[in-house]
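One structure is given here, and the rest of the page talks about it.
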Amino acid sequence: MPMLIRWSDGRAAPAEDAYTAVADEDAIPPGEVIVSLTRFQQEGERLLGEGRRVGVRVEASEAVEDLAYDLPRISVVALVFPKFAQGQAYSSARLLRERFGFKGEVRAVGDVLREQARFMVRCGFDAFEPADGASSQEWIHAVTRFRHVYQRGADHATPAFRGASGMSLALDHVDHAGSLAQRLNAELRHAHPREIIQKAHEVFGDELALVSSFGAESAVLLHLAAQVNPKIPVLFLDTGMAVRPDPGLPPAAGRRVGLTDVRDLRPRSRTWPSVIPAPTSGRPTPTPAATSAR
């Protein structure tokens, strides 16, 4: 039975898992179960009619919206991370919490690592099956490592520039930035991505930069940015925790789409141990750089 960590009231704690995860080809055992979305669609009415608690496992390729009608009767939605770098489950978690108002357990399963903990909690996950053997204390450390947040999330954490009363805690330009962002969001809600980048460039000028992981899914955004202005800075934050066989990949990828200012940023070596946790088993060992950028 996988180890389970539950998050509640700002704390993580180990927990016993009352649910049995059942493969499609296996018989349904007594008690609480988690079944695939396909099996739930076939047998869900019968399982729920038996008075047991039922959970549903949703793969990254499946739409959580297909559960909308049944969510009030479902106890657990287990969202699968096939690889730690695939983020469909984050979007599904936010849909469950914010669009559908799901009050049950949203569980992260699959390639679940402690480096993801903060993002998962912010998106509405409250139960986790760590693939890296992380303890509940390590989970707490990962979630609370940074004090401030800068966006609203399913966890309802207050953004850094807002106080409990909703009033600005910083300078007047922060409030202006907030209202400007709201106006631009409304104006560009249905705009083409190139138009959004163009407008951002017009508004922010030299203060505009893009952050990219330079994964395959980044190519379109980088190409559009190059069409708007090839001099827009593109930042790659190299924590050393991601698998990247070629250190020259970001600059080369940038040149390929026409960008001229790609910056490969790394933590300073003296701060590395206090910022980056020890790598998990089977993950690449970071190699700190002597400078913060190259």
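Quick look at the values:
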quantity	calculated
Pick from the range 40-59, criterion out of contact with any strand residue (DSSP E or B) (no Cβ under 6 Å at 6 or more places or on another chain) and in a loop (DSSP other than H, G, I, E, B), ranking: surrounded by the most Cβ atoms within 10 Å (Cβ to Cβ)	Arg53
Residues of the range 118-143 that turn out to be buried (at least 20 other Cβ atoms within 10 Å of the Cβ) and of a type in the set (Lys, Arg), as a count	1
Residue match in the range 75-84 (condition: modelled with pLDDT of 90 or more and of a type in the set (Ser, Thr, Tyr))	yes
Any hit, the range 10-29, residues being of a type in the set (Lys, Arg), in contact with a strand residue (DSSP E or B) (Cβ under 7 Å, 6 or more places away or on another chain) and outside any helix (DSSP H, G or I)	no
Helices (runs of 4 or more DSSP H) wholly inside the range 217-294 that include at least 1 residues being at pLDDT below 55 and closer than 22 Å to Arg145 by Cβ	272-275
Residue list for the range 30-39, filter: more than 22 Å from Pro130 (Cβ to Cβ) and assigned to a loop (DSSP other than H, G, I, E, B)	Pro30, Gly31
Of all residues in the range 207-216 being in a loop (DSSP other than H, G, I, E, B) and farther than 10 Å from Ile197 by Cβ, the one that is modelled with the highest pLDDT	Ala209
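The values are calculated or read from the model by the stated rules, or taken from the named source; none is laboratory data. Worth saying up front: this structure is predicted, and the values here are computed from it rather than measured. Here the Cβ is made from the backbone with ideal geometry for all residues, glycine too, and neighbour counts use every protein chain on show.
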